[in-house]
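Let me begin by presenting the structure, written as structure tokens, before commenting on it.
The values are calculated or read from the model by the stated rules, or taken from the named source; none is laboratory data. Not measured: the values here are computed from a predicted model. Methodologically, a virtual Cβ is constructed for each residue, glycine included, from the backbone with ideal geometry; neighbour enumeration extends over all protein chains shown. All accessible areas refer to the heavy atoms of the entire protein, side chains included, with ligands and DNA or RNA removed. Shrake-Rupley method; radii C 1.70, N 1.55, O 1.52, S 1.80 Å.
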Amino acid sequence: MSILAPPEPKLDYVVHGDMRTARVSVRPTRHHEVFELFLVDAGMRFYVAEDHKGTNWVFRHRLFSRCVENAKRRARAHVKAELRAMKYKKTLNG
């Protein structure tokens, strides 16, 4: 059995109403739900949030690139935790 590399998070640009946001999404396996984090532009700062409104934010910074880094790091950590849990049949989300 070959070991496949875990999926990489992808960055998409989306618009909700008049707000420009970006979304980092990843699906650990086809049996899991998609894990999404949103990057919300709030004028002088960018927020990494769990929803597109930016209310449940987990990280904020002035630079968009730092927010993308942080969101991708969190998505990779989520995938790693899901695959580790799946290995021991204790899935968190699937």
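The table below gives the values:
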quantity: Under 5 Å, built H, 5+ apart or other chain: amide partners of His16; calculated: Thr21
quantity: Highest-first arrangement of 43-50, 22-29, where packing means the average Cβ count within 10 Å; calculated: 22-29, 43-50
quantity: With Cα atoms, 0 to 90° folded angle of helix 64-87 axis to the chain main axis; calculated: 20
quantity: Within straight-line cross-link reach of Lys87, lysines at Cα separation under 30 Å, skipping those fewer than 8 residues along the same chain; calculated: Lys10, Lys72
quantity: Span per principal axis, largest first, for the Cα atoms of the chain (Å); calculated: 48, 23, 19
quantity: Carbon plus sulfur fraction of accessible area for the chain, probe 1.4 Å, in percent; calculated: 53
